[in-house]
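See structure below.
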């Protein structure tokens, strides 16, 4: 995903050029899980089903703007097939991750008993401003104006538990329907009523922001950081 500041600048240039139109509809993409691999439900080429059971995702924000994503998925089916075939495991996991909101890099997957352990990076999940790190994927970008195209879909958990935290010495600030636990944000399936398809959506209006613990004017810099990403208020 590109930083929203680029999209915002493009929209401003188009409007300044006098291109204006009233969008007929909101052309957003379908709803997207935060954790794609946590919804794993596939069939291998030889017909073996691979399906996720309970799952959890932890995203760690680092001061340099990088992010690490760690998923733990209890497999309801297919653990033996994934454990025995590394190339199959990598293909299945990589495809499932891309169903989610991340743009994964350096994907690593292994099976421990009936548990699938996956970690990867996303170099495009944050923006850095004034010494804070703004985590942008939870607030989907609106359709581009003036053509009303390319809007991202609303976010839902995909996992039973999603945690966004900072690296050592950093804390994450945010609001919405997340619980704040020790400088981290936590969403669980128990926290919100699911829709008819069993999806639990996250109601995030403002991007989570990682700040150094004890830093000066952290709240003000977090506010400005969100503003500079094009976050809606």
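Taken together, the values in this text are just the output of simple stated rules run on the coordinates, not laboratory data. Nothing here was measured: the structure is a model prediction, and the numbers come from that model. All Cβ positions, glycine included, derive from the backbone under ideal geometry; neighbour counts span all protein chains shown.
What is the order of 120, 156, fewest Cβ neighbours within 10 Å to most? Don't jump to the answer; show the numbers that get you there.
Working: 120 21, 156 25.
Ascending Cβ contact count within 10 Å gives the list 120, 156.
Based only on other Cβ atoms within 10 Å, what is the fewest-to-most ordering of 73, 50?
50, 73
So how far apart, in nm, are the two label points at residue 217 and residue 197 if each is 7 Å from Cα heading toward Cβ?
The two pseudo-label positions are separated by 4.5 nm.
Which order do 55, 94, 181 fall in if you start with the one that has the fewest other Cβ atoms within 10 Å?
181, 94, 55
Give me the distance between the Cα centres of segment 93-142 and segment 201-220, rounded to whole Å.
For segment 93-142 versus segment 201-220, the Cα centre distance is 19 Å.
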